[in-house]
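In what follows, a single structure is set out as structure tokens and then discussed.
Bear in mind these aren't lab numbers, they're just calculated from the coordinates by the rules spelled out. A quick note: this is a predicted structure, and the numbers were derived from the prediction, not measured. FYI the Cβ positions are ideal-geometry reconstructions off the backbone, even for glycines, and counts take in every protein chain you see.
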Amino acid sequence: MSINKKDRYYSKEKYESTYTSFFCGGAFLFVAILSLVLLTMNNNFLGLSGWGYWLFIPAFFIIFFGGFQQIYTNMKFKNAVKNAIMDHGAQGSVKLEDLALQVGIKPRDVLRVLVDLRANGLIAYKFNQETGEILLGEKVQYAPHESYVAPPKQLQEPLSTTGKNFCVYCGHKLRESARFCENCGSEL
């Protein structure tokens, strides 16, 4: 499948965690409820009883239009990727880019969805160590290397893999000739 970059369409939505929305909305909700409690006790701590109950409004928008909208988006992405894999018969090989184009989701989001679907036992796949293609229907036996140390969340540049026989990103033991990690798909 060969498509020009200008002809690609990816959803503008992202596959993300919902914890931030619910935590932030919960904090606003907590302060709003606290203000009502202080109001009933005639306590004017930081003037909270006079204005704190207004925080119900942003709490509502953050929780319902942030958190629940993200849950819906994540479910939609999972279903799209799962259906695309079923279209392939859950067997054979497919490139990440081709799968992303098929479902209209950015490749990095497709990769996150794949990881979650595999972690929940809904699909089985591993990456071809030579080509990086996704091998559907094959299970990977994750074997962490004893000297693996998890990298920081934000990387300025790719990590060096020189002299290491494991993936520097997930810690999976690799063959010497591997160009890609069969567990996470990282190029080595």
Task: Neighbour-count ranking [beta-carbon atoms within 10 angstrom, fewest first] of GLU133, GLU187 - done: GLU187, GLU133
TODO: Could you list which residues have their amide H under 5 Å from that of PHE166, counting only those 5 or more apart in sequence or on another chain, with H placed in the peptide plane?
DONE: LEU174
- [ ] Averaging sequence separations of C-alpha pairs under 8 Å and six or more residues apart, then dividing by the length of the stretch 15-136, give the relative contact order as a whole percent.
- [x] 24 percent
- [ ] Choose one of LEU135, PHE28, LEU188: the residue whose Cα lies farthest towards the positive end of the charge dipole of the chain (beta-carbon charges +1 Lys, Arg; -1 Asp, Glu; about the Cα centre).
- [x] PHE28
TODO: On each of the three principal axes of the Cα atoms of the chain, give max minus min coordinate, whole Å, ordered largest first.
DONE: 72, 40, 33
TODO: Quick one, could you list the DSSP H helices from the chain stretching 27 Å or more along their long axis (Cα atoms) with average Kyte-Doolittle hydropathy of 0.0 or above?
DONE: 19-40
Task: Alpha carbon convex hull of the stretch 140-188, projected area averaged over orientations, nm² - done: 3.4 nm²
Task: Size of charge dipole - the chain - debye, nearest 20, with Cβ of Lys, Arg +1 and Asp, Glu -1, no other charges - done: 160 debye
TODO: Calculate the translational D of the stretch 15-84 in whole µm² s⁻¹ from Stokes-Einstein, where the hydrodynamic radius comes from the Kirkwood formula applied to all Cα pairs, the temperature is 37 °C and the viscosity 0.692 mPa s.
DONE: 244 µm²/s
Task: When each of LYS139/LYS164; LYS82/LYS164; LYS14/LYS139 is checked by Cα-Cα distance, pairs over 30 Å - done: LYS82/LYS164
- [ ] Just name one of PRO158, GLY104, MET75: the one whose Cα is farthest towards the positive end of the charge dipole of the stretch 75-188 (beta-carbon charges, Lys/Arg +1, Asp/Glu -1).
- [x] MET75
Open item on the list: For the stretch 39-148, which trypsin sites (Lys or Arg not before Pro) pass both filters: DSSP loop (anything but H, G, I, E, B) and at most 15 other C-beta atoms within 10 Å?
Closed with: LYS95, LYS139
Task: Percent RCO, i.e. relative contact order, over the stretch 83-188, from Cα pairs under 8 Å lying at least 6 residues apart - done: 25 percent
Open item on the list: Please give the charge dipole size of the stretch 140-188, origin at the Cα centre, charges +1 on K and R Cβ atoms and -1 on D and E Cβ atoms. Round to the nearest 20 debye.
Closed with: 40 debye
- [ ] Among PRO144, VAL37, SER177, pick out the residue whose Cα is farthest towards the positive end of the charge dipole of the chain, where Lys and Arg carry +1 and Asp and Glu carry -1 on C-beta, about the Cα centre.
- [x] VAL37
Open item on the list: Just to confirm the filter: which chymotrypsin sites (Phe, Trp or Tyr not before Pro) across the stretch 28-135 are DSSP coil and have at most 15 other Cβ within 10 angstrom of their Cβ?
Closed with: none
